[in-house]
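Derivation of every value follows stated rules applied to the coordinates shown; laboratory data play no part. Source: prediction; values computed, not measured. FYI the Cβ positions are ideal-geometry reconstructions off the backbone, even for glycines, and counts take in every protein chain you see.
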Amino acid sequence: MTGDPLAWDAGAVTIAASVAAGDVSASEVTLAVLARIDAVDPALNAFTDRTAERALAEADQIDAERARGGALGPLAGVPFAVKNLFDIEGLATRAGSALNRSRPPATADGLLVRKLRAAGAVLTGALNMGEYAYDFTGENAHDGVCRNPIEPDHMAGGSSSGSGAATAAGLAPISLGSDTNGSIRVPASFCGIFGLKPTYGRLGRSGTFPFCDSLDHLGPFARSVRDLALAYDALQGPDPADHACANRPPEPTAHSLDQGIAGLRIAVAGGWFQRRLTEPARAAVTRIAEALGAGAIVDLDDAEIARAAAFLITNAESAALHLDRLRASADAFDPDTRDRFFAGAMLPAAWLVDAQRARRAWAERLARLFREIDILIAPATPGPAPAIGQATMVLDGVEMSTRPNIGLFTQPISCAGLPVACVPAALPGALPIGVQLVAAPWREDLCLRAARHLEQVGVSQPATPHPSLGLA
């Protein structure tokens, strides 16, 4: 292999191939990434826990297996880190909260952590996140703000803030996050990388701290589509402990990435998805649509109702989950999170019934749409990352609260449980912003094929970190 396999942006495919070929050892890769975390993370605050001793032991095992001539996994030697709502043996599962720090340490890794380990990846730590995953900003009241590697004075996005930031900065070639209303897609958009929110029920959730059971998804981040697909394929398989993912067989996608987009019917989301956009967001959608040869614009004004339904369902389910904690220790919550839980606890039951009816109607509406098209293009966020602490933003001339409205365009998609690849639009001279590629349930392969095409033609490329981080 030519070049430096330990460059800050070396991806999973490159690292695994280098380790398998003996060009570099898994231990060397791990030491290099741990040193990079030590050097860069103080400026970002992406990690809450580092598992250096464990990582080096795992890397030594991979090197010993290679020395014996044994078979290595497809992610052999690839460092990864996970949002701190994933169980990691020996660590308390924080879920971004103060209260959870007093929980007993996890006695075993969560399912998806085990799956990446089985594929040969090396766990380097746990990542910062919004409290109990109820956040779009990355501003955690207990663990501190997670900063955007591309522009450190701006939000990394939430709630999987540390996952987006760590992968964008080369501190974790692969990371795992969760997405209830946009918590993978928002950090991917703000940090200029690729993120995948699979179909609801595709990836098992056992061994993670829940937020809203009927909307919670798990998925990976990466700086390339090949890395994203490689991680996603390693994560698939049934989870008997998760009612939503009990019997779903794996459907590998990495082999189909280069089939191209010929014959795919691609449309742009209109109506709700073309309102409240900043100019960068509008330009990003146009750029992606032109590169994919999108045809019609589909009027989806009813997405506004779906977004409202997602809000109500999220509030009600999450409030029920946390009610005992609220009664016992309300002062231990971030006041913003606490107040949303309190509001959810007081919602009339009739509102929740109406929300579930609206959710079913929206899912049926989209099911009809995806009989006519294969890919739907939609903005991921209303604009690029706001400045840290920015309370309001102006969208189409209307001043709106920042925190809840970052998810204007991700929440309706979550409400229907559809698979989405968030891709960077790579607008020259601008802060990163992403676009959603949405497909019918279980068609993650189409999302990834379209993302790969955009990558190949140079339209979707990961953003370059700020020079102050000393990476590029």
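For Arg248, neighbours were defined as the other residues whose beta-carbon sits under 9 Å from its Cβ, and their charges (Lys and Arg +1, Asp and Glu -1) total -1.
Alpha carbon centre of the range 421-448 versus the range 377-410: separation in Å? Centre-to-centre (Cα) distance: 18 Å. Taking label points 7 Å from Cα along the Cα-to-Cβ direction, Ala349 and Ala330 give a separation of 2.4 nm. Spherically averaged projected area of the convex hull of Cα atoms, the range 79-186: 6.3 nm².
Give, as a single signed number, the net charge of other residues whose beta carbon lies under 12 Å from the beta carbon of Leu127, with Lys and Arg counted +1 and Asp and Glu -1. Could you put the intermediate results ahead of the total?
Values: positive: Arg50, Lys83, Arg94; negative: Asp41, Asp49, Asp143.
Overall, the nearby charge balance is 0.
Pull out a ≥ b ≥ c, the square roots of the eigenvalues of the alpha-carbon gyration tensor of the range 145-189, then state rounded if a/c is under 1.5, prolate if not and a/b is larger than b/c, and oblate in the remaining case. List each step's numbers first, then the result.
Working: a/c = 2.17, a/b = 1.19, b/c = 1.82.
Oblate is the answer for the range 145-189, as a/c is 1.5 or above yet b/c matches or exceeds a/b.
For the range 251-397, what D do you get in µm² per second when you plug the Kirkwood radius from alpha-carbon pairs into Stokes-Einstein at 4 °C and 1.567 mPa s? The partial results should precede the final answer.
Numbers: Rh = 18.5 Å.
The Stokes-Einstein estimate is 70 µm²/s.
When the P(r) is computed for the chain, the part past 36 Å accounts for 21% of the Cα-Cα pairs.
Size of the dipole of the chain about the Cα centre, Lys and Arg at +1 and Asp and Glu at -1 on the beta carbon, nothing else charged, in debye to 20?
On the way: 40 positive and 51 negative charges, 156 e Å.
The dipole of the chain has a size of about 760 debye.
Distance between the 7 Å Cα→Cβ label points at Asn247 and Ala262: 3.8 nm. Remark: Ser27, Ser178 ranked as Ser27, Ser178, counting other beta-carbon atoms within 10 Å and listing the fewest first.
Listed from fewest to most Cβ neighbours within 10 Å, the set Met393, Met129, Met346 follows the order Met346, Met393, Met129.
Normalised by 2.2 N^0.38 Å, where N counts its residues, the alpha-carbon radius of gyration of the range 346-472 equals 1.27.
Of the residues Thr464, Thr410, Thr167, the one with the fewest other Cβ atoms within 10 Å heads the list, and the complete ranking is Thr464, Thr410, Thr167.
Please report the orientation-averaged projected area of the range 260-336, defined via the convex hull of its C-alpha atoms, in nm². All intermediate terms of the calculation are to be shown ahead of the outcome.
Values: hull surface 33.1 nm².
Averaging across all directions leaves 8.3 nm² for the Cα convex hull.
Taking amide H as placed 1.01 Å from N in the peptide plane, the amide H of Leu395 sits under 5 Å from that of Met400, each at least 5 places away or on another chain. The C-alpha atoms of the range 1-140 occupy a region whose extents along the principal axes are 46, 31, 22 Å, arranged from largest to smallest. Converting the Cα gyration tensor eigenvalues of the range 250-290 into ellipsoid dimensions via √(5λ) gives semi-axes, longest first, of 28, 12, 11 Å.
Given R₀ = 35 Å, what would the calculated FRET efficiency be for Arg68 paired with Ala35, taking r from the Cβ atoms and rounding to 0.05?
Working: r = 28 Å, r/R0 = 0.79.
Computed FRET efficiency for Arg68 and Ala35 comes out at 0.80.
A simple rule links phi to the HN-Hα coupling: the Karplus curve 6.51 cos²θ - 1.76 cosθ + 1.60 with θ = phi - 60°, which for the range 379-390 gives x, 8, 9, x, x, x, 4, x, 5, 4, x, 5 Hz, with x for Gly and Pro. Shown here: the range 216-311, whose C-alpha atoms stretch 42, 36, 25 Å along the first, second and third principal axes, sorted largest to smallest. Computed from the Kirkwood radius of its Cα pairs, the Stokes-Einstein diffusion coefficient for the range 207-251 at 37 °C and 0.692 mPa s stands at 275 µm²/s.
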